[in-house]
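A.B. asks: Structure below; questions to follow.
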Protein chains: 2
Amino acid sequence: MNILLVHAHPERTSVTRRLVESAAQVLTGQGHEVVRSDLYAMRWKAVFDAADFPVRVDPGRLSFVDESRHAYAGGCQTADVEDEQRKLRAADAVILHFPLWWFGMPAIMKGWVDRVWAYGLAYGYRGAGNTHRYGEGGFAGKRALLAVAVGGPAIDYSPRGINGPLEQLLFPITHGTLFFPGMQVLPTFAVYGAAALDAAGMAEADAAWRGRVARLFDDAPIAFRAQNGGDYPDRHVLADHVAPGRSGLMAHIAEATRSPLDAVKIAHAPGVAIDCEHRSAGDRTSHTGNRR
Amino acid sequence: MNILLVHAHPERTSVTRRLVESAAQVLTGQGHEVVRSDLYAMRWKAVFDAADFPVRVDPGRLSFVDESRHAYAGGCQTADVEDEQRKLRAADAVILHFPLWWFGMPAIMKGWVDRVWAYGLAYGYRGAGNTHRYGEGGFAGKRALLAVAVGGPAIDYSPRGINGPLEQLLFPITHGTLFFPGMQVLPTFAVYGAAALDAAGMAEADAAWRGRVARLFDDAPIAFRAQNGGDYPDRHVLADHVAPGRSGLMAHIAEATRSPLDAVKIAHAPGVAIDCEHRSAGDRTSHTGNRR
């Protein structure tokens, strides 16, 4: 298989980069081909702007959607964007490694998405607007996984933790960025307390990570509901019978993946909204020793 | 009062820029001082990297936290970052205007946060780790408001809409980025269908926006729970008696701001988790004519 490792930390000894090296080791050891996009080393252009469209459909007014459609369809994107799309096309799985900055990606990686996720490929697939999205699209058939170095303690990201659950904070990425163009997204792997991790903590996190990487093609993805799988009859809103009475981000994950305990809770309160957490393997295996 | 308008769209005729111009008109008309950070025109450096730390505490290893602490405390940040911090310090309110790209900020604005939100100012306030955050910190006493141009239709962002509710998708920004260092954050103003808005739709959105801007210092902020207000006795997790049985992002908004209808629902099911939506003024006033 081909795996693309995209990463966004300039410091070789960072937790992020340690996870990148381990992923590469495990995957090459399994006989896979590993390709990297080291965004800092590449001096990746983060800002999506007029320079992304050397041949304009409308030189007088910059519409990112119109120009992206034109550039992608007409083969007049910039070479750096085409290179990344080529890597993505060849990949069976993509791992995005980054430190969590203000509860999201560093700007350099956000700019990788902004520029590479073109109209016709990652949205507006086949020029058909939103017909193909969430479970199908230009990246269908690929797996995706986030490996996130989190400065704060795991407890702050627990179901009632002050920051909010990590899974919900990352939903714009896992669901909105990766599942949207069709990728199957695995539960996020997080290393908490990354800002002050000692050698033992790093070794523990690394061992857990190597296990996750080894199961990259075996672990069950997050059960995000596909747009065209029947749960959204009008392609916009959940059908009344799906997750009845529930709303918000977590309603878009099928109950099948919930733990037996959560299933029991739901069974006891039919029709009542339950904001229970989808527990990911990442939650269980992440380092939580450095909590405060 | 002093208001800082930060914006991230290079096209003068974009919905984003139209909202910026209207905000400036309304606020100057009220006698306020308006300052702008036009990130594209400024050619803002989006990528947070070693160049942000011209004088290093550790030249051998790049720790963003350690270097940010050192640079901010020692007065050795770069001039562009210091300029933005000066504008923020002088501001009574900050409005961030941006198009929603992949359910978040464009990279250029994320990089404004990454670089300007320094240790000692926006986190690690007074060098005291997480002692002062969520409701207090370096930006306490200031108001903040997001003005977001959304390509898709409002229905996709409704409580059971396929993208997830806009308020939850933006929680990493409203709660995690703005409330974290102490700002009072108003409900987000969104213009939906921005990619295909006709003149009438734009006029309607603009009128609603001008009303919101005129009430910048009057509207009630989102009732995010303060870390040190009693709801988080250990500064990490909600006390058992607060929002009992609930979890996830919305548990961090006090029920007081919910509509009477939601309050009734809660009263009828004490102790049962209810994932009801916090309805913002932005939801009610935003343009929804161009839905599909």
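A.B. asks: How many partner chain Cβ atoms sit within 10 Å of a residue's Cβ in peptide B:239-252, on average, as a whole number?
C.D. replies: Mean partner-chain Cβ count within 10 Å for B:239-252: 5.
A.B. asks: Next up: What does the charge dipole of segment B:90-243 about its Cα centre add up to, to the nearest 20 debye, if the Cβ of each Lys and Arg holds +1 and the Cβ of each Asp and Glu holds -1?
C.D. replies: Here segment B:90-243 has a charge dipole of around 360 debye.
A.B. asks: Still on this structure: How fast does segment A:86-160 diffuse by Stokes-Einstein, in µm²/s, taking the Kirkwood radius from C-alpha pairs at 37 °C and 0.692 mPa s?
C.D. replies: 228 µm²/s
A.B. asks: Check which residues have an amide H placed less than 5 Å from B:Arg36's amide H, if you skip close sequence neighbours.
C.D. replies: For B:Arg36, whose amide H was placed from the backbone, the distant partners under 5 Å are B:Leu5.
A.B. asks: Further, regarding this structure: Which distances, shortest first and in nm, link A:Asn228 to the matching position in the other copies, using label points set 7 Å out along Cα to C-beta?
C.D. replies: 5.4
A.B. asks: Something else about it: How large is log10 I(q)/I(0) at q = 0.06, 0.09, 0.11 Å⁻¹ when the Debye formula is applied to the Cα atoms of the protein assembly as shown, each weighted equally and without solvent?
C.D. replies: Debye output, listed in q order: -0.28, -0.66, -1.05.
A.B. asks: Okay, moving on. At 222 nm, what value in deg cm²/dmol follows for chain A if DSSP H runs of at least 4 each add -39500 (n - 2.57) and the sum is divided by all its residues, to the nearest 500?
C.D. replies: The per-residue figure over chain A is -8500 deg cm²/dmol.
A.B. asks: Rounded to the nearest 20 debye, what is the charge dipole size of chain A about its Cα centre when +1 sits on each Lys and Arg Cβ and -1 on each Asp and Glu Cβ?
C.D. replies: Using Cβ point charges on Lys, Arg, Asp and Glu, chain A gives about 160 debye.
A.B. asks: Now for a separate question. Using the 7 Å Cα-to-Cβ label point, sort the distances from B:Arg61 to its equivalents in the other copies shortest first and give them in nm to one decimal.
C.D. replies: Once sorted, the set of distances for B:Arg61 reads 5.4 nm.
A.B. asks: Further question on the same structure: With point charges of +1 on the Cβ of Lys and Arg and -1 on the Cβ of Asp and Glu, referenced to the Cα centre of segment B:134-260, which listed residue (B:Leu178, B:Gly137, B:Pro244) lies farthest in the positive direction of the dipole?
C.D. replies: Ranked along the dipole, the leading option is B:Gly137.
A.B. asks: Within a Cβ distance under 13 Å of A:Trp101, other residues only, what is the Lys/Arg minus Asp/Glu net charge?
C.D. replies: Summing Lys/Arg as +1 and Asp/Glu as -1 gives 0.
A.B. asks: State the number of lysine pairs found in the protein assembly as shown whose Cα atoms come within less than 21 Å, restricting to pairs 8 or more positions apart or on distinct chains.
C.D. replies: Lysine pairs meeting both conditions in the protein assembly as shown amount to 15.
A.B. asks: Let me ask something else about it. Expressed as a whole number of Å, what is the distance separating the alpha-carbon centroids of segment B:30-74 and segment A:132-154?
C.D. replies: Answer, in whole Å: 29.
A.B. asks: Still on this model: Roughly how crowded by other chains is peptide A:60-67, in terms of the mean Cβ count from those chains within 10 Å of each of its Cβ atoms?
C.D. replies: Details: counts 1, 4, 7, 4, 9, 5, 1, 0.
Per-residue shielding by partner chains comes out at 4.
A.B. asks: Kindly identify segment A:49-102 as rounded, prolate or oblate by the Cα gyration tensor criterion: order the square roots of the eigenvalues as a ≥ b ≥ c, call it rounded if a/c is under 1.5, otherwise compare a/b with b/c, prolate if a/b is larger, else oblate.
C.D. replies: In terms of gyration-tensor shape, oblate.
A.B. asks: At 7 Å along the Cα-to-beta-carbon direction for both A:Phe217 and B:Asp240, put a label point, then send me their distance in nm to one decimal.
C.D. replies: Modelled inter-label distance: 4.9 nm.
A.B. asks: If you don't mind, there's one more thing I want to ask. Among DSSP beta bridges lying fully in chain A, give the percent that are antiparallel, nearest 5. Don't skip to the answer; put the middle values down first.
C.D. replies: On the way: 2 of 26 bridges.
So the antiparallel bridges amount to about 10 percent of the total.
A.B. asks: If you don't mind, another one. Could you work out the Rg to Rh ratio of segment B:19-160, with Rh taken as the Kirkwood radius (inverse of the mean 1/r over all Cα pairs)?
C.D. replies: 1.00
A.B. asks: Over chain A, how many percent of alpha carbon pairs lie in each 5 Å bin up to the one with the longest distance?
C.D. replies: Taking every Cα pair in chain A, the percentages come to 1, 5, 11, 15, 17, 16, 14, 10, 6, 3, 1, 0, 0.
A.B. asks: Right, something else. Quick one: dipole size for the protein assembly as shown, taken about the Cα centre, charges +1 on Lys/Arg Cβ and -1 on Asp/Glu Cβ, in debye to the nearest 20. Could the numbers behind the result be given before it?
C.D. replies: On the way: 62 positive and 62 negative charges, 4 e Å.
Here the size comes out at about 20 debye.
A.B. asks: In the protein assembly as shown, what % of DSSP beta bridges are antiparallel (nearest 5)?
C.D. replies: 10 percent
Every number in this text was worked out from the coordinates using simple rules, so none of it is lab data. The structure displayed is predicted, hence computed values, not measured ones. When we count neighbours, we look across all protein chains shown, and the Cβ atoms used for this are built from the backbone with ideal geometry, even at glycine.
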